[in-house]
Amino acid sequence: MSLPRHESLLLAIVFVFLAGGAWPANAQAAAPAPLTAAQIVDEMQRRNLARTEALKEVHSIRHYQVEYRGFSKVIDANMEVEYHYDAVSGKSFRIGTQNGSKMLCEKVLKRAVESEKEASQDKAATALTAANYRFRLVGSENMGGRPAYLLEVEPISPSKFLIRGKIWVDAKDFALVRVEAEPAKSPSFWIARTRIEQICAWTDGFWLPERNRSETKVRIGGTAIFTIDYGTYQTESKAARVSGGD
């Protein structure tokens, strides 16, 4: 279904930003160790560095989808993307099958891939570190039978690649397992609010993204939902696993 030209241009503006669970089963989750927010973040950075050094290659077929409901219409699009990570060359993406609205494929889904490429070129500027965020420990929660620390994160400076909200950090592996947040900086006046949720899963010895969902409310009416299903991973590590997920 097509839209008038002025509506298509508005949607292109709205979607520029959007171009941004499974759990190991345990019977019960023990209370996590009493640590401060700073200690949790420091340990998370240390473990993330170890995991990055251990991970040699990752491959998966991702499925991107976007749906917009507004202007008394519903339009959608989906795209298949082959993702590959190599410890030497970094991330690469190959766009495959595309269906639905061509405008959404070009202005949303392909822009999502380009945004991830851009963010990966300066990992330090987007990482969950004390250089980019202020952290406050809220408490702990049982996440699928595993204890996790719950922290509030506030960006030190606004950026389209930073977030404001809550994160869950696995109390054993000190890995990011869930995010509920909003962008630190709105990309457009036309966007009233965007809510982001990401879930990670234990896969072949590593915590990797499983699903990302963004829901955006548009000021003039309408809702956009953008999702990424990260697919089934194939991984290769350089050394033994960093820590156990069981």
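Do you know which residues across the stretch 137-164 are assigned to a loop (DSSP other than H, G, I, E, B), out of contact with any Lys or Arg (no Cβ under 8 Å at 6 or more places or on another chain) and not hydroxyl-bearing (Ser, Thr, Tyr)?
Matches in the stretch 137-164: Gly144, Gly145, Phe161.
I'd like to check something: does the stretch 129-136 contain any residue that is touching a helix residue (DSSP H, G or I) at 6+ places or on another chain (Cβ under 7 Å), part of a strand (DSSP E or B), modelled with pLDDT of 90 or more and over 24 Å from Gly231 (Cβ atoms)?
Yes - at least one qualifying residue is present in the stretch 129-136.
Is it true that some residue in the stretch 39-47 is modelled with pLDDT under 80 and either surrounded by 19 or more Cβ atoms within 10 Å (Cβ to Cβ) or under 23 Å from the mean Cα position of the chain (by Cα) (or both)?
No, there is no match, as no residue in the stretch 39-47 is modelled with pLDDT under 80 and either surrounded by 19 or more Cβ atoms within 10 Å (Cβ to Cβ) or under 23 Å from the mean Cα position of the chain (by Cα) (or both).
Quick check on my filter: what residues within the stretch 156-184 are of a type in the set (D, E, K, R), surrounded by 18 or more Cβ atoms within 10 Å (Cβ to Cβ) and within 11 Å of the chain's Cα centre (by Cα)?
Arg178 - this is the single residue of the stretch 156-184 that is of a type in the set (D, E, K, R), surrounded by 18 or more Cβ atoms within 10 Å (Cβ to Cβ) and within 11 Å of the chain's Cα centre (by Cα).
Of the residues that sit in the stretch 82-123 and are touching a helix residue (DSSP H, G or I) at 6+ places or on another chain (Cβ under 6 Å) and among the aliphatic types (A, V, I, L, M), which one is surrounded by the fewest Cβ atoms within 10 Å (Cβ to Cβ)?
Looking at the filtered set, the residue picked out is Ala119.
The values are calculated or read from the model by the stated rules, or taken from the named source; none is laboratory data. Note that the structure is a prediction, hence the values are computed from the model and not measured. With ideal geometry, Cβ positions are generated from the backbone for all residues, glycine too; neighbour counts draw on all protein chains shown.
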